[in-house]
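Reading through the structure tokens given below for one structure.
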Amino acid sequence: LNMLKRIGAEESGELKAIASGTLPSGKPVIVNADGTVSVVAESSDSVGSPVVYSTGNAQLNRAAFDSSNNKVVFVYQDGANSSYGTVVIGTVSGNSISFGTPVVFASATTYYPSVAFDSSNNKIVVAAGEASGGEGYNAGRARVGTVSGTSISFGTKAAFESGNTQHINGCFD
């Protein structure tokens, strides 16, 4: 109530304002930039149909948005392909999405993949625990990817942990 008092409300909780257009009784209103109030516009946004990006057993899914290419990047453990780490690029158009061909980023059983977008260099970074020979059980590995169209290519993997690496979260600062 104190906030309402400061902006000109009466003790009753009522607020006096100048309308921008006709205000139907009982409808919610918003305060416009010029200080007037108007009826909250209803949205007719619709939700598109579901689209499959992996016909296998996609698990541990994560996503990032590549703002330089206007693409959505999904990373997952592909249970239908020896649990390899896999990435697929999505293109959003209106209320639908289409996907390119999935790309394996780790030819090893991969756990807890993560993905982040580096907006300074316009690159994707994926990381995961990889159970690959001689590197340790679920050793933490990361790769830098470059999106081109609906595909992605990766540089050499880099180790960031030699021990059991789980529940990875990537972010860009």
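The values are calculated or read from the model by the stated rules, or taken from the named source; none is laboratory data. Small disclaimer: the values here were computed from a predicted structure and weren't measured. Backbone-built Cβ (ideal geometry, glycine too); neighbour counts: all protein chains shown. Quick note on the areas: whole protein, heavy atoms, side chains included, nothing else; ligands and nucleic acids left out. Shrake-Rupley method; radii C 1.70, N 1.55, O 1.52, S 1.80 Å.
Quick notes
Quick grid of which residues meet (1) under 23 Å from Pro50 (Cβ atoms); (2) in a loop (DSSP other than H, G, I, E, B); (3) modelled with pLDDT under 95; (4) β-branched (Val, Ile, Thr):
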| site | (1), (2), (3), (4) |
| --- | --- |
| Ala63 | yes, no, yes, no |
| Ala116 | no, no, no, no |
| Val125 | no, no, no, yes |
| Ala159 | no, no, yes, no |
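So that you can scan it fast, the table gives a plain yes or no per residue for (1) of a type in the set (Asp, Glu); (2) over 18 Å from Gln59 (Cα atoms); (3) surrounded by fewer than 17 Cβ atoms within 10 Å (Cβ to Cβ):
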| position | (1), (2), (3) |
| --- | --- |
| Val92 | no, yes, yes |
| Asn95 | no, yes, yes |
| Ser98 | no, yes, yes |
| Ala108 | no, no, no |
| Ala116 | no, no, no |
| Ala127 | no, no, no |
| Thr150 | no, yes, yes |
| Thr156 | no, yes, yes |
| Gln166 | no, no, yes |
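- Hits in the range 77-131 (condition: in contact (Cβ under 8 Å) with a residue 40 or more places away in the chain and among the aliphatic types (A, V, I, L, M)): Val87, Ile89, Ile97, Val103, Ala106, Val115, Ala116, Ile124, Val125, Val126, Ala127, Ala128
- Taking first residues from the range 28-39 that are over 10 Å from Ile18 (Cβ atoms) and partners that are open to solvent by 80 Å² or more (accessible area, probe 1.4 Å) and of a type outside the set (A, V, I, L, M, F, W, C), the Cβ contacts under 6 Å between residues at least 6 apart in sequence or on separate chains come to Val39/Lys27.
- Yes/no for Ser49 being assigned to a loop (DSSP other than H, G, I, E, B) and in contact (Cβ under 8 Å) with a residue 40 or more places away in the chain: yes
- Any chance Ser25 is open to solvent by less than 80 Å² (accessible area, probe 1.4 Å) and not in a strand (DSSP E or B): no
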